[in-house]
Structures are given as C-alpha cells and as structure tokens.
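The structure appears right after this line, and notes come after that.
The values are calculated or read from the model by the stated rules, or taken from the named source; none is laboratory data. All of these numbers come straight from a predicted model, not from anything done at the bench. Neighbour counts run over all protein chains shown; Cβ positions are idealised from the backbone, glycine included. Calculation scope for accessible area: heavy atoms of the full protein, side chains included, ligands and nucleic acids excluded. Shrake-Rupley method; radii C 1.70, N 1.55, O 1.52, S 1.80 Å.
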Amino acid sequence: MPRHLLSIADLDRDGIERILARAASFAEASGREIKKLPTLRGRRVLNLFYENSTRTRSSFEIAAKTLSADVTNFAASGSSVEKGESLKDTVQTLSAYDPAAIVIRHPHAGAAAMVARWTPAAVVNAGDGKHEHPTQALLDVYTLTRRLGALDGKRIWIVGDIEHSRVARSDILAFTKMGAHVTVCGPPTLIPRGIEALGCDVRFTLDELREADVVYALRMQRERMRDSYVPSLREYVANYQIDGRRLGPRQVLMHPGPVNRGVELSGDVVDSPQAVITAQVEAGVVVRMAVLYELLAGARANAPEPATPGPVLA
Ligand code: NCD
C-alpha cells in the first residue's frame, strides 16, 4: 500500500484486491450490534472539503468513527478560506493538530497531491476537480464484484459527461485493472480527446448499449462547465438518457450519485431492481474503512513501539 491514496494509478490489481478483501471482512463485522473496532483509537482523521458532498463526506466520517478515530470535519465555507487563507496555509495550520490522515476534496486537479507534500499525514483524495476519485472507483469495483463475481471479460459502459468526471477517470483505470472491458459513451463535446489512452473504447451513440453487462451513468457536471456543451437538455435526454426502453433486463445499473432524475436516468430505472445505486452508497463505508485501515494501521504496525512509561516517582 502506498503512503497516500491519490490515484487508482497508485494501486495494482493486488493492491485493489487487498482493499476489497479487507472491506469484505468489515462488511461481515458490520452486522454485529456493536459496530466499533478499536483499530484507530486515539488517532485523528481530518475531513477537508472544499466542494459539496453528501455521500463521500458522511461515509468517510462514519468509516473513521467505526474504526474509533477522532474525526474533525472542516468545510471551506464558513472557515478562514473565505478570508483568503491559501490551501497550503490551511493544510499547514490543520497539520499542527497532528492528524494521522487528511481526506481532501477540492475543485482543482492535483490538489490532493499538493497537500501530500505539505503535511506528514496520510492523504486520501476524495475528489480533485475532474481528475480522480479513487475511493469511488474502489467502492464501485467492490459493489460490482459482489454482484457479478470477477470482472474479467465483463463489458462496462460509462455514459454521460466523461469530460468533467473524476469518477469516470478513476473507474476506467480500476475496471480495466480488474480485467473488464470499458466503453465510454456520450456527446462528442463531453468525451475528452485521447481518452482511449486510458484503455477504453469510445462511442457517440447508445446503439450498441445492449452488449453491456453494466451501464454506469454519470451526472452532467454543470458546476464545471463554463460553456454550453450540449445544444439543449431535451436533446441530451433524447439521445443519452438511460430509461426503461434502453436498459436491458439483465444489465446492472450504476451511478455515483447525486442523480438528476429525468436527465441522465429516468425515475423508473433509478428505482428498478437492476440499480445498485444504494449498494454503492453502502459499500462506501466499508471500502473507506479498508482504505483508512491499510494506510494507517499498516503504518502504525511499522512504527516503533512507544516506550513503556516508568513509574512517575522513583
Ligand atoms: C461524484 C463526485 O463528487 O465526483 N459524487 C460522489 O462522490 N459520489 C459525482 C458527481 O458529483 O456527479
């Protein structure tokens, strides 16, 4: 396990499988009435969020608390960031509290890697602009392998706004490392040039969607768009929305959330038994527990034992 989790590129297939196995063992334990494990007792985890989040932030918090860490949630809005404090100064200030891990979400690609240079803490990338979202990809692989078994040879279509999606970039890397065949599909303006270099195919229509074992829909990241990328939402819906007509009965449907119902997905498919969207959310906790465990408990195992305190008065 690397010291930080900044990108899926930091992990090989063995590393991914190790995290998934750890997550599965946590899932077994989560049925117990007392859910807490003592692993990270006395250690601090800092959630540093410069962008909105529902699932990622709450699941990191629950994951850290389930491992008995002390968690502090820092939201940029309402903090001295609004008084002009830089990311570097903020990270160095908060590092004075000696966190074992910093979980960071930030609108700029590369932010998590920069933070890793400014703090002695282990850094987990919880989404950096349109670059990567590695824990999302890990929980997606976890959810899919539980549903389908090994991903070798499985066909996964990722549909929608690929251009602005960190989920797409991390998922393409993770799914292909696990042996799946990935196709990305969307309007040409929302497919980045050269994306094939990540190891996927490209389609601009849903004509061949039926070949997919898994359909992974993405939200239009309107907060990252300066211009208009599609002629109209109505046209986008007509050409790319996954609805009951387009989704085959044996295809598994995924989405990272938040869903814009009636845009990338019709309401009926969101609520269909083929959708594993809630299972993805559930997996978020055990997979993030596994990531924190691998980064922090492994490191602690290698650290020197604290000296046994002697009697205070000799
Ligand atoms: C995604 C994100 O923030 O990148 N959400 C998430 O973490 N579950 C996708 C999105 O916002 O569309």
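Across region 174-186, computed HN-Hα scalar couplings (Karplus, 6.51 cos²θ - 1.76 cosθ + 1.60, θ = phi - 60°) run 6, 4, 5, 4, 8, x, 7, 10, 10, 10, 9, 9, x Hz from first to last residue, x flagging Gly and Pro. When you filter the trypsin sites (Lys or Arg not before Pro) in region 1-51 for DSSP loop state and at most 14 other Cβ atoms inside 10 Å of their Cβ, you are left with Arg3, Arg32, Lys35, Lys36, Arg41. A DSSP coil position with no more than 14 other Cβ atoms inside 10 Å describes the following GluC sites (Glu not before Pro) in region 42-108: Glu85. Within the accessible area of region 134-279, the carbon and sulfur atoms contribute 48%, probe 1.4 Å, all protein chains present. Hey, what angle do you get for helix 277-292 against the long axis of the chain, alpha-carbon based, 0 to 90 degrees rounded to 10? Helix 277-292 sits roughly 30 degrees off the main axis of the chain. Here's the list of lysines a cross-link from Lys36 could span, going by alpha-carbon distance under 18 Å and ignoring same-chain residues fewer than 8 apart: Lys65. Ignoring aspartates and glutamates fewer than eight residues from Lys83 along the same chain, the ones with Cα atoms less than 18 angstrom from its Cα are Glu51. If you wrap the chain in the convex hull of its Cα atoms and look at it from every side, the mean projected area works out to 18.9 nm². When the listed pairs Lys35/Lys177; Lys35/Lys154; Lys88/Lys130 are checked against a 29 Å cut-off, the alpha-carbon distance exceeds it for Lys35/Lys177; Lys35/Lys154. For region 67-93, backbone nitrogen atoms closer than 14 Å to the point 7 Å from Ala29 Cα along Cα-to-C-beta are found at 67-69. Computed with a 1.4 Å probe over protein heavy atoms only, the accessible surface of region 134-279 comes to 42 Å² per residue. Per-residue 3J(HN,Hα) values for region 56-62, derived from phi via the Karplus relation 6.51 cos²θ - 1.76 cosθ + 1.60 with θ = phi - 60°, read 4, 5, 5, 6, 5, 5, 5 Hz in sequence order (x marks Gly and Pro).
The fraction of Cα-Cα pairs per 10 angstrom bin, counted from 0 for region 134-279, comes to 12, 47, 36, 5, 0 percent, rounded to whole percents. Calculated mean residue ellipticity, 222 nm, the chain: -10000 deg cm²/dmol, from DSSP H runs (n ≥ 4) at -39500 (n - 2.57) each, averaged per residue and rounded to 500.
By DSSP, the beta bridges lying fully in the chain are antiparallel in about 5 percent of cases.
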